[in-house]
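As structure tokens, the structure follows; a few thoughts come after it.
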Amino acid sequence: MTTLDHRLILLSHGNFNPIESDSEEDVPQAHLNLNGKIVKEEADLILNKKVEKEEKLRCTTVNVGGTRVDISDYHISWENNENKLKGEDRQLSTHEITYDDVNGFDKGFAYVSGFATNQIARVNIEDPTKQQFFRFVLKDTKLALPHTLLFANKTFENEHEEVGMLWVGLEYAGLIVKLDMRDLIRKLGNKTVCTITEDDLKAALDVRITGDSKNGSLPSPINTHPHGFCFDKDYKNIWFTGKLTNTVGRVRIEDGDVKHYELPTIEAVPIYLALDVDGNVWGTCLANNRVFRVTTGAKEGQTEGCVTEIPITSFPTQRRPIALKKDPRDKRYMWFSTEVGHSVCRIDINKLDEVYPSGNTRSTGQQEHDQSSTCMCSQGCQKTYKSPARFKGVITEFSIPGEQNMVFGGLAFDREGSLWVQSYYNNANGLAGVPTPSDYIIKVDKAILERNHGFMAGIPVASFEVPSKTTVLHRIICGPNDGEMLFTELANNRIGKVSISYHGSASGSSNNSESPGPPITGTGTPVEEVQEPIRQDEASSPSSSQLYKRRFEVKDIGKNIKQTKKQVTWVFEQEGSNPHSIVMVWSKRSGKVQIEMDSTQVLPEQALTKPRAQYIEHSWTDTQSGLRMQILANRTTRSTMLGCSKYELRVNEMPFQNFPR
């Protein structure tokens, strides 16, 4: 009996209760982890959110020096479903997005999963008013809840039966199923809704955990809740995350043989997976500030199923890694977005090989540590994360500038190698009476791929406003046409598109790869023309010389009650120049803030925040040194809404605590 089997046996006799119910009344509103505690879903980022019913197409357009960018979104009219989840959760349905680039009949269409509606939608990309729906109606489970969906789009030298098939993960059914959309579209006919029954499934891979059947250790299968999945190199196996059971699994397509591998850290909540250039599988963990690799046996000298967790050592508090992608140049790097950190991170697989030369050493999650820190994430979980010294340098974090209280969603690369990420307002931590700001699709120039450190200075970054607000941007992918990105909005049930055209060419049309147009910078606004903004690489950029931290100090200086007024001091030195001193005085009772740099007022005392406000943010550029400065401060460690430490100074987007001494 394996260690995994043993642990599940113990839990099956404790308070662990797999989500398997035929009663709508019994359907839980959140998943349970192995200890029976609630794991917060994406829906927790929404506070009393009302679904936007308006279905008209919304569009934001910006023209920059011969380059036109259109950002549009449209409501997905999920058909009425008798098997809805209760409460607001049933509205938060628009999750994953993909498209078929093999079958001609599917050209120009995108597929979207409607998690809580039990459906997938087929949407015309150019005319999103044309929508078709396919609802799962399975005998053994009232709620299938489709999440990840992927086409087997790889081109093989010989005929391969998986090419052009759509695979869908059904979280509540514990299945990954294969669909032939050609057959289902024929079945649909002139209707808008088609039911998917067991007879329509070309394959149904059961990925639940059954345990040791000989001694009856598990009386009933445990649903892993397959959340994310990916194919291996040869499309012979599917790898999937067991979001509920803290596992990653491999199921063989040919015969359904399945294996489950346990993650070293309990309550990690694994979510998304992607394949690297070696054929190994990488994943993100939502709840333990780590990513992980699982060997598949594809690389010489490695065996299948060795799990290694890698902590995000650049920042010891919870970053909530989300989307994960392979480096677009097929180099030995992986890239992922962090929700709370508002950053993108690069994993250097070569450096990981220096830690584990064979790739077969299993990480226990309890190895040597050099520091510890209490988590100060937006969820206030107060967990402690420890960063092993030997993992430093494996992950490089790039902080992307953005407004306060913004979090990241999906990440993708376009055909030119530029990185795209979604940034949306964390409404769950929004302040009452404060208008909700816009959400953005951010493009980071491909120059980031060559950057060997975490500084963003000199890399063009463009933020494009999404037409709708309070979106909870969920997923973004490279579209089927050049200059096109597709995305989903979880809270508004909308599908979106970014179209880039150069020198007046039609939106979404193919562009001359030898003359791709200028890099895009600046912020998209809903107007026909805007002035061309200053490019970061043309602006007065600060020296790239090294920065060193010298001193950090926090004093209580309140007149009557000392703790009501804080004086925070940062001292750092730029190589080849005199030290710089930044002093912030913040009255937490009146909300007044004063900031000085090198004894010169940057922000005269004023009510920058409301009395008893939970956080402040202020940015400026020092005219003498050219350094770009930003102060982020939180009232308490439990109110850290900015994805930073309690008092944080950033210089050229790099946190002060990351400076060497």
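The values are calculated or read from the model by the stated rules, or taken from the named source; none is laboratory data. Worth saying up front: this structure is predicted, and the values here are computed from it rather than measured. Cβ placement follows ideal geometry from the backbone for every residue including glycine, while neighbour counts extend to all protein chains displayed. Accessible surface is based on the protein model in full, side chains and every heavy atom, while ligands, DNA and RNA are left aside. Shrake-Rupley method; radii C 1.70, N 1.55, O 1.52, S 1.80 Å.
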**Study point:** Scan of region 314-329 for residues that are open to solvent by 10 Å² or more (accessible area, probe 1.4 Å), part of a loop (DSSP other than H, G, I, E, B) and within 16 Å of residue 349 (Cβ to Cβ), ordered by number
**Key:** 328, 329
Check your understanding: When you scan region 270-279, how many residues do you find that are crowded, with 22+ Cβ neighbours inside 10 Å and either more than 17 Å from residue 207 (Cβ to Cβ) or out of contact with any Gly (no Cβ under 9 Å at 6 or more places or on another chain) (or both)?
Key -> 1
Practice item. Return a yes/no flag: does region 232-254 have any residue that is charged (D, E, K, R), open to solvent by less than 40 Å² (accessible area, probe 1.4 Å) and assigned to a loop (DSSP other than H, G, I, E, B). Key: yes
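Give 487, 464 a once-over and let me know the one that is among the aromatic types (Phe, Trp, Tyr), crowded, with 21+ Cβ neighbours inside 10 Å and closer than 18 Å to residue 335 by Cβ.
Only one candidate qualifies: 487.
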Exercise for review: Starting from residues that are open to solvent by 10 Å² or more (accessible area, probe 1.4 Å) and in a strand (DSSP E or B), keep the ones in region 280-303 and report whichever is modelled with the highest pLDDT.
Suggested key: 296
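Let's see how each residue does on (1) open to solvent by less than 20 Å² (accessible area, probe 1.4 Å); (2) over 23 Å from residue 234 (Cβ atoms); (3) at pLDDT 90 or above:
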| site | (1), (2), (3) |
| --- | --- |
| 86 | no, yes, no |
| 109 | no, yes, yes |
| 115 | no, yes, yes |
| 119 | yes, yes, yes |
| 136 | yes, yes, yes |
| 145 | yes, yes, yes |
| 154 | no, no, no |
| 167 | yes, no, yes |
Practice item. Looking only at region 544-592, count how many residues are in a strand (DSSP E or B) and within 18 Å of residue 635 (Cβ to Cβ). Key: 11
Review point. Any residue at all in region 428-444 that is open to solvent by less than 10 Å² (accessible area, probe 1.4 Å) and modelled with pLDDT under 75?
Key: no
Check your understanding: Is it true that residue 260 is surrounded by 21 or more Cβ atoms within 10 Å (Cβ to Cβ), within 30 Å of residue 182 (Cα to Cα), in contact (Cβ under 8 Å) with a residue 60 or more places away in the chain and of a type outside the set (Lys, Arg)?
Key -> no
Exercise for review: Among what's in region 577-595 and is under 18 Å from residue 656 (Cα atoms) and not β-branched (Val, Ile, Thr), pick the residue that is surrounded by the most Cβ atoms within 10 Å (Cβ to Cβ).
Suggested key: 584
Point to revise | In region 48-72, residue nearest to the chain's Cα centre (by Cα) [restricted to those that are modelled with pLDDT of 60 or more and polar (S, T, N, Q)] | key: 72
